[in-house]
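Just so it is clear, none of the values below were taken in a lab; they were calculated from the coordinates. Bear in mind that the values here come from a model prediction, so they are computed numbers and not experimental data. With ideal geometry, Cβ positions are generated from the backbone for all residues, glycine too; neighbour counts draw on all protein chains shown.
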Amino acid sequence: MIRYSRIDPLNGPAACPVHGVPMCTDSVPIVYGLPLITQEFSRAQADLFPCANTSRGGGCLVQQEAQATVRYCPRCREEKKAWLDVHGAEL
């Protein structure tokens, strides 16, 4: 059985600060542990797709929750996919 961690879908901006499009909600995997993210990816994420939210950090201690509800920008997800297609994996 998958357990979900819920966040209030009304919190946060109503529109993406980069693209100006309305935010949507989605269920994404919770990633536990300390991710190793390159500086290049981190800069691109901050500038180009800050609201992609394709996963949610769960901290270092693994919990039962496997999924979380997040707000995301559809354009940020498109930009993230395009960036990864060109530059490779984020890790």
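Computed quantities for the displayed model
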quantity	calculated
DSSP beta bridges in the chain [antiparallel fraction, %, rounded to 5]	60 percent
Relative contact order (percent, whole number), the chain, Cα cutoff 8 Å, 6+ residue spacing	42 percent
Estimated FRET transfer efficiency when R0 is 25 angstrom, pair residue 84-residue 15 (beta carbons, to 0.05)	0.55
Given charges at beta-carbon only (K, R positive; D, E negative), |dipole| of the range 3-87 in Debye	160 debye
Backbone HN-Hα couplings from phi across the range 40-57 [Karplus 6.51/-1.76/1.60, Hz, Gly and Pro as x]	4, 5, 4, 5, 4, 4, 5, 8, 10, 8, x, 10, 5, 6, 7, 8, 10, x
Residues whose placed amide H lies under 5 Å from that of residue 21, excluding near-sequence neighbours	16
Where only alpha carbons of the range 13-62 are counted, the Rg and the Dmax (Å)	12.7, 35
When the chain is reduced to its Cα atoms, the Kirkwood hydrodynamic radius in Å	13.9 Å
Among 61, 34, 48: highest mean-square fluctuation, GNM of the chain, C-alpha pairs under 10 Å	61
Label zone at residue 65 (point 7 Å along Cα-to-Cβ), backbone N below 19 Å, the range 32-50	32-35
Most mobile of 71, 43, 56 in a GNM of the chain (Cα contacts under 10 Å)	43
